[in-house]
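See structure below.
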C-alpha cells in the first residue's frame, strides 16, 4: 500500500481464492470500500477497482485506490462560476456540489483556507472532472496541498483536508537516514529540464495573460536558462502567475528524485508522513554529505512468507520556495 502527495494512493493485496470470507459480494470491484488498519488504527482507505483471479496460484489480487480516486470519476456537468474565492474553498465547493447533485461519498469538510483568491469558470460544455480540477488548484505556488483521510498519522475517515502552502513538517533535524539503514538508494541528478527564467502563457483571444518568472540565485549559479510553459485552460492572470512561479520553483535547480528503501524495523511507524522534510546522509565520494528531501510517496510492501516489511520512500530535492 502507498500514500501519494496530492493523489489517491494505491493498494495491491493477494487473498486465497477459496477463503470463506473472500467472496465476490465482499470484494466487488467498483462497489466496495477497502479500509486497512494497523494495530486497530485506521491508516488507509479507498475503493476496490479491480480483482484479478489466478487459478494456478489459487489467489485473488485486488487493486484499490484511495478515496480521492472516485472524484476523478465525477464530472461538472452543469456550469459553475466561482469568482473572488479562496482556492481551497473552491476545491471543497466542487466536492460538495458533486456529492449534493450526483450522490454522496460521505466525505466531510476539514479544509483550511489558502488565502489565495482566484476566479474559476467551469463551463458546462467543458465537462471538467472534479478530481483534476482540485489538482489544478493545488498546483500553484501559493495555494495548498490536500488529502482525504486516513493517513499514516491521521486515523480520521473521509475528511477533506488542506495544508497551506504545503503539507508536512520539517523533520530534517530529527529524522536522518544514512547508508547504515538504507538499502537501495540509486538515483540521478538531472539538470536536463533546468530553467531559471520562465514565461508562462495563459489563454484568451484578445489579450491572453502572461507572466515572466526569474530565479536570481539560480541564474548566478548556472547562467540564464529559458523555457516557456502554456496553460491552455487559464485566462486569469493571478492563476497564470501562480502556476508559473510553481513551475520555476521546480526547475531552478538540478533535481533529485531518489527512492529510498529500508526495512521497517529500521524506522518507527509514523515517524514521518507525506509532505514532511527528512535528511539523508551519504558518504560515497561524489555523492557525500547531508541533503534535505521532501517526502512525496511512502510505500509499504509486506511479505507474509517471511514477515518482513519493506518501506520505499519517494523523495524530492525541491523542498521549499
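Projection of the Cα convex hull of segment 74-163, averaged over all directions and equal to a quarter of that hull's surface, yields 5.6 nm². Ordering 242-251, 268-277 by mean Cβ neighbour count within 10 Å, with the highest value first, yields 242-251, 268-277.
Which length gain, in nm to one decimal place, applies between residue 310 and residue 121 when the Cα-Cα distance is subtracted from 0.36 nm times their residue separation?
Fully extending the segment from residue 310 to residue 121 adds 63.6 nm.
With a ≥ b ≥ c the root eigenvalues of the C-alpha gyration tensor of segment 2-69, is it rounded (a/c under 1.5), prolate (a/b larger than b/c) or oblate? Here segment 2-69 falls in the prolate category.
Largest GNM mean-square fluctuation across 193, 101, 142, computed for the chain with C-alpha springs under 10 Å, falls on 101. FRET efficiency for the pair residue 281 and residue 77, taken as 1/(1 + (r/R0)^6) with r the Cβ-Cβ distance and R0 = 56 Å, rounds to 0.60. A Gaussian network model of the chain, with springs between Cα atoms under 10 Å, assigns the largest mean-square fluctuation among 110, 289, 216 to 289.
If I stretch the segment between residue 292 and residue 101 completely, what's the gain in nm (0.36 nm per residue apart, minus their alpha carbon distance), one decimal?
Values: separation 191, 0.36 × 191 = 68.76 nm, distance 4.44 nm.
Extra length available between residue 292 and residue 101 comes to 64.3 nm.
Coordinate range of the alpha-carbon atoms in segment 191-251 per principal axis, descending: 37, 19, 16 Å. A Gaussian network model of the chain, with springs between Cα atoms under 10 Å, assigns the largest mean-square fluctuation among 56, 241, 252 to 56. Segment residue 93..residue 269, full-extension length gain: 59.9 nm, with 0.36 nm per residue of separation and the alpha-carbon distance subtracted. Based on the Cβ-Cβ distance of residue 35 and residue 233, what FRET efficiency does E = 1/(1 + (r/R0)^6) give at R0 = 30 Å, to the nearest 0.05? Between residue 35 and residue 233 the formula returns 0.30.
Dividing the summed -39500 (n - 2.57) terms of all DSSP H runs of n ≥ 4 by the residue count of the chain sets its mean residue ellipticity at 222 nm at -4500 deg cm²/dmol.
Sorting 281, 41, 118, 229 by the number of Cβ atoms found within 10 Å of their own Cβ, with the fewest placed first, yields 41, 281, 229, 118. Put simply, the convex hull of the Cα atoms in segment 149-292 casts, on average, a shadow of 11.8 nm².
Order by neighbour count: 220, 87, 112, 297, fewest other Cβ atoms within 10 Å first, most last. If you can, show how the numbers build up before the last one.
Values: 220 9, 87 27, 112 13, 297 18.
Taking fewest neighbouring Cβ atoms as first place, the list is 220, 112, 297, 87.
When Rg and the Kirkwood Rh are both derived from Cα coordinates, the Rg/Rh ratio for the chain amounts to 1.00.
Readers should treat all values here as calculations from the given coordinates under stated rules, not as data from a laboratory. This one's a predicted model, so the numbers in the text were calculated from it and none came from an experiment. So basically every Cβ, Gly included, is an ideal-geometry build from the backbone, and we count neighbours across all protein chains shown.
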